[in-house]
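Written out below as structure tokens is the structure these notes cover.
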Amino acid sequence: MTRIAVCPGSFDPITYGHLDIIKRGAKVFDEVYVVVLNNSSKKSLFSIQERMDLIGEVTKQIPNVKVDSFQGLLVDYANSVQADAIIRGLRAVSDFEYEMQITSMNRVLNDKIETFFIMTNSQYSFLSSSIVKEVAQYNGNVSDLVPQEVEDALRNKFSL
Ligand code: PNS
């Protein structure tokens, strides 16, 4: 039986924290679909296509990772690729309430899809796309936080 998981997020842009979760998820599942979804409470910097392209670049060495995007509910996307698992990273206690809320909602929507949490490497526990954008905007050094391709894309976006 092929175990297929979906690793959803805004990925605006992908960071080393995301990449760590994707790599570890790809060791456990046969196939991992990294899917860019809309988070209605966030305003994005990169277009969906730009985010997908960056994810594709930085995950190209991982053979069982596929990159996709979807407009709609995560559980509907999971169904469409026959995934029965969702992977989410958990950084700190502060993530817990939000994650519990979306996991519970997803379970109400489809109780056949199980959510698995991977504890973020402590090295990245403070890291978020928002904090990266904040630092990059003012030309701060983000080379330890995101891959080179993402750093270049941020520099282009902010015309630095
Ligand atoms: O990286 P993020 O912003 O924490 O990811 C959140 C995301 C995109 C996974 C979540 O907002 C999502 O699943 N959006 C799609 C709509 C949906 O299915 N919502 C879940 C029910 S609350």
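Read-outs throughout are calculated quantities, based only on the coordinates presented, and are distinct from any laboratory measurement. Since the model is a prediction, treat every value here as computed from it, not as a measurement. Reconstructed Cβ throughout: ideal geometry from the backbone, glycine too, with neighbour counts over all protein chains shown.
So how do 3, 24 line up by other beta-carbon neighbours within 10 Å, fewest first?
3, 24
Less than 12 Å Cβ to Cβ from residue 91, Lys/Arg counted +1 and Asp/Glu -1: what total charge do the surrounding residues give?
Neighbourhood net charge equals -2.
Most exposed first by the Cβ proxy, i.e. fewest other Cβ within 10 Å, how do 81, 75, 58 rank? Write out the running numbers ahead of the final one.
On the way: 81 15, 75 20, 58 23.
Result, fewest neighbours first: 81, 75, 58.
Fewest Cβ neighbours within 10 Å first, please rank 130, 159, 10, 143 accordingly. Show your work: numbers first, answer last.
Numbers: 130 12, 159 5, 10 19, 143 9.
Listed from fewest to most nearby Cβ atoms, that is 159, 143, 130, 10.
Would you work out the charge dipole size for region 18-71 about its Cα centre, treating the Cβ of every Lys and Arg as +1 and the Cβ of every Asp and Glu as -1, and quote it to the nearest 20 debye?
180 debye
Using unit Cβ charges (K, R positive; D, E negative) and no other charged atoms, how large, in debye to the nearest 20, is the dipole of the chain about its Cα centre?
Working: 16 positive and 20 negative charges, 11 e Å.
The calculated dipole for the chain is roughly 60 debye.
If you only keep lysine pairs separated by 8 or more in sequence, or across chains, how many in region 4-158 come under 23 Å at the Cα atoms?
Close lysine pairs under the 23 Å cut-off: 13.
Check residue 158: other-chain or 5+ apart residues with amide H under 5 Å from its amide H, H built from backbone geometry?
none
Given R₀ = 30 Å, what would the calculated FRET efficiency be for residue 97 paired with residue 49, taking r from the Cβ atoms and rounding to 0.05?
According to the calculation, E is roughly 0.40.
Could you tell me, in Å, what Rg and Dmax come out for the Cα atoms of the chain?
Taking only Cα atoms of the chain, I get Rg and Dmax of 15.2, 49 Å.
Looking at the calculated P(r) for region 73-136, what percent of the C-alpha pair distances fall above 14 Å? Walk me through the numbers on the way to the answer.
Working: 1279 of 2016 pairs.
For region 73-136, the share of Cα pairs beyond 14 Å comes to 63 percent.
When the Cα centres of region 15-51 and region 53-123 are compared, how far apart do they sit, in Å?
Centre-to-centre distance over Cα atoms comes out at 8 Å.
When only C-alpha pairs under 8 Å and at least 6 residues apart count, what is the relative contact order of region 4-158, in percent?
30 percent
For the chain, what is the calculated [θ] at 222 nm in deg cm²/dmol (nearest 500), taking -39500 (n - 2.57) for each run of four or more DSSP H residues and dividing by its residue count?
After summing the helix terms and dividing by the residues of the chain, the value is -12500 deg cm²/dmol.
Filter the chymotrypsin sites (Phe, Trp or Tyr not before Pro) in region 39-148 down to the DSSP loop ones having no more than 13 other Cβ atoms within 10 Å, then list what survives. It would help to have the intermediate numbers written out before the result.
Details: sites: 46, 70, 77, 96, 98, 116, 117, 124, 126, 138; in loops: 46, 126, 138.
Passing both the DSSP loop test and the Cβ count: 126, 138.
Taking amide H positions as placed 1.01 Å from N in the peptide plane, with prolines and chain starts having none, which residues 5 or more places from residue 118, or on another chain, fall under 5 Å of its amide H?
88, 89, 90
Which listed residue (123, 100, 36) has the Cα farthest towards the positive end of the charge dipole for region 1-127, taking +1 on Lys and Arg C-beta and -1 on Asp and Glu C-beta about the Cα centre?
Projecting each Cα onto the dipole axis, the largest value belongs to 123.
With r defined as the distance between the Cβ atoms of residue 137 and residue 111 and R0 fixed at 35 Å, what FRET efficiency is calculated, to the nearest 0.05?
Values: r = 42 Å, r/R0 = 1.19.
E(calc), rounded to 0.05, equals 0.25.
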